[in-house]
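The structure appears below as structure tokens.
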Protein chains: 2
Amino acid sequence: MTKSAAKPNDHDAVDVRDRILETASTLFYERGVRAVGVDLVVAEAGVAKTSLYRHFGTKDDLVAAFLAREDEDFWGTWGRVAEKHVDDAEAELDAHLEWIGERVGRPNYRGCPQINVAAEFPEADHPARRVAAAHKRELRRRLKGIAERLSARRPDELAGQLALLINGAFVSSQVLEAEEATPLLQRTAHALIAAARSS
Amino acid sequence: MTKSAAKPNDHDAVDVRDRILETASTLFYERGVRAVGVDLVVAEAGVAKTSLYRHFGTKDDLVAAFLAREDEDFWGTWGRVAEKHVDDAEAELDAHLEWIGERVGRPNYRGCPQINVAAEFPEADHPARRVAAAHKRELRRRLKGIAERLSARRPDELAGQLALLINGAFVSSQVLEAEEATPLLQRTAHALIAAARSS
DNA sequence: CAAGAAACAAACAGGTCTGTATCGTGGAGG
DNA sequence: CCTCCACGATACAGACCTGTTTGTTTCTTG
């Protein structure tokens with residue numbers, strides 16, 4: 001909190017802190033958090049190790065910042081898609097499943113960062129685990145909002161079903177064909193919506 | 001392969017190899033693979049480190065053996081449940097979702113070992129990754145068999161949907177109430193089955 | 001121009017990791 | 001009885017890890 005709001009130096013186009021976080025995020029996602037040491041991060045980012053520890057107190061905090069960044073990106077995309085379908089909840093859900101399925105099918109897709117980090121750090125009080133847990137709660141909360149607009153008889157149940165579906169897609173890239181994800185997600189969602197409306 | 005079939009020593013009730021694998025499996029699952037060193041495994045198992053490296057050439061091989069053991073356990077339970085419902089595929093699926101949901105709701109549940117290890121080791125050629133990939137393919141294969149017996153119009157699609165559902169449950173224990181998992185799984189499966197039969 | 005903040009560079013501390021090497025012991029099978 | 005070998009115990013090698021320390025340089029700002 002000593003700086004960052006005011007720009008201390010714009011000589012380098014990007015802030016040092018941003019460059020560290022950007023580099024760390026890529027490395028953490030591609031190779032796993034525990035497999036990437038801080039020495040590699042600073043070497044790849046071209047910064048001094050002291051800079052990393054000034055901006056992020058510990059590696060754990062850097063991991064939490066990584067997940068927070070992914071969280072913001074995710075809801076940023078979500079929000080941009082959502083505002084195109086304010087009048088049609090089913091179309092909005094379809095659109096979300098579209099870009100989620102597209103991501104899952106990408107060649108270098110390595111799963112949901114939040115889930116991966118949670119798998120790497122069992123301790124429930126790890127700073128990154130809090131971010132991950134909040135992210136998953138937020139997913140279910142937003143899905144419940146959509147379920148309500150869909151006039152589901154039990155919106156929270158439909159939200160739970162859709163959350164299972166999406167999280168399942170995140171971890172199933174191993175057994176999913178690239179083009180299969182989106183249509184499978186959408187057809188499944190349609191079946192669940194129909195069931196949630198009738199009986 | 002030098003022993004194990006013939007019993008070289010039954011003086012100790014359990015084989016040294018089994019004791020190592022048993023101990024390692026518990027530690028790996030509870031704390032994560034990378035967080036557990038071989039020194040801890042041998043100390044906890046009460047064996048010499050040389051014994052560990054004699055039976056398992058490397059730690060990676062021990063991890064693969066851990067997943068293979070979990071795989072066998074999983075399909076062992078699956079098989080015992082399946083043979084009680086040879087005449088009713090829907091009842092069999094319900095029964096599977098019953099014990100899977102029960103496991104997911106357990107207090108110390110830490111997710112599917114296969115998924116967790118895959119998250120910890122990005123390298124596709126890691127020995128444990130092969131076990132994990134085969135496990136997930138086998139899940140979808142068995143689900144397809146059930147889908148066929150259910151006379152689904154597209155059995156492979158229904159199998160894919162059910163696989164998403166089950167894998168989603170494995171990773172959603174963070175946001176799922178303990179008693180919520182089984183009924184949510186079963187009601188979702190029923191909706192998907194109904195949809196797969198009609199249209 | 002002067003002062004202070006921020007960055008770089010490089011070494012270091014102290015611990016942990018995987019894997020190996022060495023030596024001693026005790027039981028099983030020929 | 002005697003030889004083999006699985007096993008235990010321990011020390012070690014070499015690499016890697018997080019985090020700190022020290023000192024210098026560069027940039028911003030008053």
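The values are calculated or read from the model by the stated rules, or taken from the named source; none is laboratory data. Note that this is a predicted model, so its numbers are computed, not measured. Note: ideal-geometry Cβ built from the backbone for every residue, glycine included; neighbour counts use all protein chains shown.
Being more than 10 Å from chain B (Cβ to nearest Cβ), assigned to a helix (DSSP H, G or I) and away from DNA strand D (no atom under 14 Å from the Cβ) is the requirement here; does A:Arg137 meet it? So A:Arg137 does not fit the description; no. Looking only at the stretch B:145-199, residues that are at the interface with chain A (Cβ under 10 Å from one of its Cβ atoms), more than 23 Å from A:Ala159 (Cα to Cα) and assigned to a helix (DSSP H, G or I) come to 1 in all. Quick one: is B:Glu179 over 19 Å from the mean Cα position of the chain (by Cα), within 18 Å of A:Ser172 (Cβ to Cβ), of a type in the set (D, E, K, R) and surrounded by fewer than 24 Cβ atoms within 10 Å (Cβ to Cβ)? Taking the combined requirement at face value, the residue does not satisfy it. Residues in the stretch B:102-116: is at least one more than 13 Å from DNA strand C (Cβ to nearest atom), away from chain A (no Cβ under 13 Å), part of a helix (DSSP H, G or I) and over 25 Å from B:His190 (Cβ atoms)? No: zero hits.
Could you grab me the full set of residues in the stretch B:61-78 that are crowded, with 16+ Cβ neighbours inside 10 Å and over 19 Å from B:Arg140 (Cβ atoms)?
B:Leu62, B:Val63, B:Ala64, B:Ala65, B:Phe66, B:Arg69
Yes or no, residue by residue, for (1) surrounded by 20 or more Cβ atoms within 10 Å (Cβ to Cβ); (2) in contact with a helix residue (DSSP H, G or I) (Cβ under 7 Å, 6 or more places away or on another chain):
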| position | (1), (2) |
| --- | --- |
| A:Arg80 | no, no |
| A:His85 | no, yes |
| A:Pro113 | yes, yes |
| A:Val117 | yes, yes |
| A:Glu120 | yes, yes |
| A:His126 | no, yes |
| A:Phe170 | yes, yes |
| A:Leu192 | yes, yes |
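Scan the stretch A:154-199 for residues that are in contact with a Phe, Trp or Tyr (Cβ under 6 Å, 6 or more places away or on another chain) and modelled with pLDDT of 95 or more and the total you get is 0. Hey, could you check the stretch A:16-55 for residues that are farther than 22 Å from A:Ile115 by Cα and not in a helix (DSSP H, G or I) and say which is farthest from DNA strand C (Cβ to nearest atom)? Per the stated criteria, the residue is A:Gly46. If you go through the stretch A:49-87 and keep only what is over 13 Å from A:Phe28 (Cα atoms), within 16 Å of DNA strand D (Cβ to nearest atom) and of a type in the set (Gly, Ala, Ser), you end up with A:Ser51, A:Gly57. Just to verify a result, which residue in the stretch B:87-109, among those that are free of Cβ contacts under 8 Å to residues at least 24 places away in the same chain and within 17 Å of the chain's Cα centre (by Cα), is surrounded by the most Cβ atoms within 10 Å (Cβ to Cβ)? Filtering the stretch B:87-109 for residues that are free of Cβ contacts under 8 Å to residues at least 24 places away in the same chain and within 17 Å of the chain's Cα centre (by Cα), the one surrounded by the most Cβ atoms within 10 Å (Cβ to Cβ) comes out as B:His96.
Scanning the stretch B:1-33 for residues that are near DNA strand D (Cβ under 10 Å from one of its atoms) and either modelled with pLDDT under 50 or within 14 Å of chain A (Cβ to nearest Cβ) (or both) gives B:Thr2, B:Lys3, B:Ser4, B:Pro8, B:Asn9, B:His11, B:Asp12. Restricting the first member to the stretch B:38-67 and to residues that are within 14 Å of chain A (Cβ to nearest Cβ), and the second to residues that are more than 13 Å from DNA strand D (Cβ to nearest atom) and hydroxyl-bearing (Ser, Thr, Tyr), no beta-carbon pair is closer than 6 Å while six or more apart or on different chains.
Residues in the stretch B:56-77 that are more than 16 Å from DNA strand C (Cβ to nearest atom) and in contact with a Ser or Thr (Cβ under 8 Å, 6 or more places away or on another chain): B:Arg69, B:Glu70.
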